[in-house]
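Following: one structure in structure tokens, then a few remarks.
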Amino acid sequence: MSITFESLALSEPIQRALREREYTTPSPIQEQTIPYVLEGYDVMGCAQTGTGKTAAFALPILEHLDKNPRKRTPKSPRVLVIAPTRELAIQIEESFSAYGTHIRFQSEVIFGGVGQNPQVRAIQKGPEVLVATPGRLLDLMSQGLLSLKALEVFVIDEADRMLDMGFIHDVRKIIAELPAKRQSLFFSATMPDSIIELAGTILTEPKHVEVTPPATTVEKIDQRVCHLAKADKRDLLTDILRDHNEGLALVFTGMKHVANRIAEHLTKNGMPAAAIHGNKSQTARVRALESFRKGKIRVLVATDIAARGIDVKGIDLVINYDLPNEPDSYVHRIGRTARAGTEGHAISFCDELSQGLLRQIEKNIRMEIPVDRDHAYHRDPRPGDKDESQQQQSRRERGGGGRSGKPPRKRSNRNRGPRREKNDGNSGDRNTESSRNANRNRRRRRPRRNNSNG
């Protein structure tokens, strides 16, 4: 006999919200996690994206708040959830609001890239639940605008992506401010050693929930790899999307400017598309995501940082235009399709510079991805192909080396533009083009030496 939400120890207001959304049967991660959280245990959960991790912690937390009402304290949330990107943070807060629509509580979300004043005013009201990205959270804490002393429940979601994006030091700073007496919940789609080590500093005698083995991919996803020359990738992408004229498609690129160019190319060729990445403003990202969710555009082109938190029904095709530098990211990417038990398709492009990355991905997911030769641009790997390591590929994608592979020549500080803050996926537009133009104009205005003797 399968378990239902009604058989879980959730109050009637929460049950009513679930019924209104026609949620009857919990997913495996929810079925295992909810009872542990209700009993007050720390939890370490490992589950693939799209398996319902958010509800697994949101529902029992709402039950705790409903059963233990307290007077709100300005600047002091009772529950803190940290997430790596603003898209995911917004999605989590929306889930809390939806599941808790019939109980008395308040939730807020804070992230960078926008003015802090509206967020400060919201925190002053004392929301019970605060969802935040690490950068903005630490910023407000350093200004004395937010306190964690009254915190009862601490949640880290998508912990592996948090580390991939370089937030380990920020996370440790946040942990140092937490009260000793608290309940901690730790969720990740993958469990490398670094994640297990971090969890050990947060959790106390946790209950372990592992729905699927680490780094395994959703079985219902039809995975294929297309070998081709790098110069043919855009043409193959166009052909695939023309044939895929129903449903939504999500395209992943390694660099932001490539995402922009692909979106522009597809739109010009009659396939409405939008790009979403860390350099886009919050307004532009929300607008693109809503257009994609509502089907106004069929194709969304994204980078890894921006894509975490995209939870859109109807994505039945994911295309890896560029293979990810981190093998674990492959699991996250293709997990955008085949959500909630549906079927999906994932196509990865592997050019002459990406053979090493493909081997690392296949080793990580413990399977060989079938090769699709049934397209006009197939190119078998050749002995002369450059077989770059993951580190070399990562350096190239970040712009760390030129065509020769040598490190870039260090520029002097004299002509360097304004320093850019670390982009945690929450920063706003960085007008780097304006900075470069300003530097050029500054160099042009510099007076020439007068070599005459007069």
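No value in this document is a laboratory result; all are computed from the given coordinates. Quick caveat: nothing in here was measured; it's all calculated off a predicted structure. Cβ: placed from backbone, ideal geometry, glycine included. Neighbour counts: every protein chain shown.
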message: Neighbour counts of other C-beta atoms within 10 Å: give me His208, His277 arranged from fewest to most.
response: His208, His277
- request: For Met191, enumerate residues with amide H under 5 Å from its amide H, sequence gap 5+ or separate chain, H modeled in the peptide plane.
  value: Ala215
query: How big is the charge dipole of the stretch 5-210 about its Cα centre, in debye rounded to the nearest 20, if each Lys and Arg gets +1 on its Cβ and each Asp and Glu gets -1 on its Cβ?
result: 1000
message: If you filter the stretch 199-280 for GluC sites (Glu not before Pro), then keep DSSP loop positions with at most 13 other Cβ within 10 Å, what is left?
response: Glu219, Glu246
statement: Sparse-neighbourhood loop hits (trypsin sites (Lys or Arg not before Pro), the stretch 41-138; DSSP loop; Cβ within 10 Å at most 12 others) -> Arg70, Lys71, Arg104, Lys125
query: Where a ≥ b ≥ c are the square roots of the eigenvalues of the C-alpha gyration tensor, would you call the stretch 44-152 rounded, which needs a/c under 1.5, or, failing that, prolate if a/b is larger than b/c, or oblate?
result: oblate
message: Assuming 0.36 nm per residue, please report the length gained on full extension of the stretch Arg172 to Glu264 beyond their Cα-Cα distance.
response: 29.1 nm
- prompt: Across the stretch 92-99, in residue order, what do the Karplus-derived ³J(HN,Hα) couplings come to in whole Hz, using 6.51 cos²θ - 1.76 cosθ + 1.60 with θ = phi - 60° and x for Gly and Pro?
  reply: 5, 4, 5, 5, 4, 5, 5, 6
Share of Cα-Cα pairs in the stretch 155-268 lying beyond 20 Å, as whole percent: 61
- prompt: Given H placed 1.01 Å from N in the peptide plane, which residues other than close sequence neighbours of Asp316 have an amide H under 5 Å from its amide H?
  reply: Leu248
message: What is the distance in Å between the Cα centroid of the stretch 87-139 and that of the stretch 231-298?
response: 29
- request: Hand me the GluC sites (Glu not before Pro) from the stretch 147-192 located in a DSSP loop with no more than 15 other Cβ atoms within 10 Å, in residue order please.
  value: Glu177
- request: With a ≥ b ≥ c taken as the square roots of the eigenvalues of the C-alpha gyration tensor of the stretch 5-210, please select rounded if a/c is under 1.5 and otherwise prolate if a/b is larger than b/c or oblate if it is not?
  value: oblate
- prompt: Could you name the lysines in cross-link range of Lys75, using Cα to Cα under 24 Å and dropping any fewer than eight places away on the same chain?
  reply: Lys67, Lys125, Lys149, Lys173, Lys181
- line: Shape descriptors of the stretch 221-397 over alpha-carbon atoms, Rg and Dmax in angstrom, are 15.3, 47
- request: Would you work out if the stretch 24-89 is rounded, prolate or oblate? Take a ≥ b ≥ c from the square roots of the eigenvalues of the alpha-carbon gyration tensor; rounded if a/c is under 1.5, else prolate when a/b is larger than b/c, oblate otherwise.
  value: oblate
Listed residues Thr190, Cys46, Tyr23: farthest to the positive end of the dipole of the stretch 5-210 (Cβ charges): Tyr23
message: List the lysines whose Cα sits under 25 Å from the Cα of Lys313, skipping any in the same chain fewer than 8 residues away.
response: Lys53, Lys220, Lys256, Lys280, Lys294, Lys296
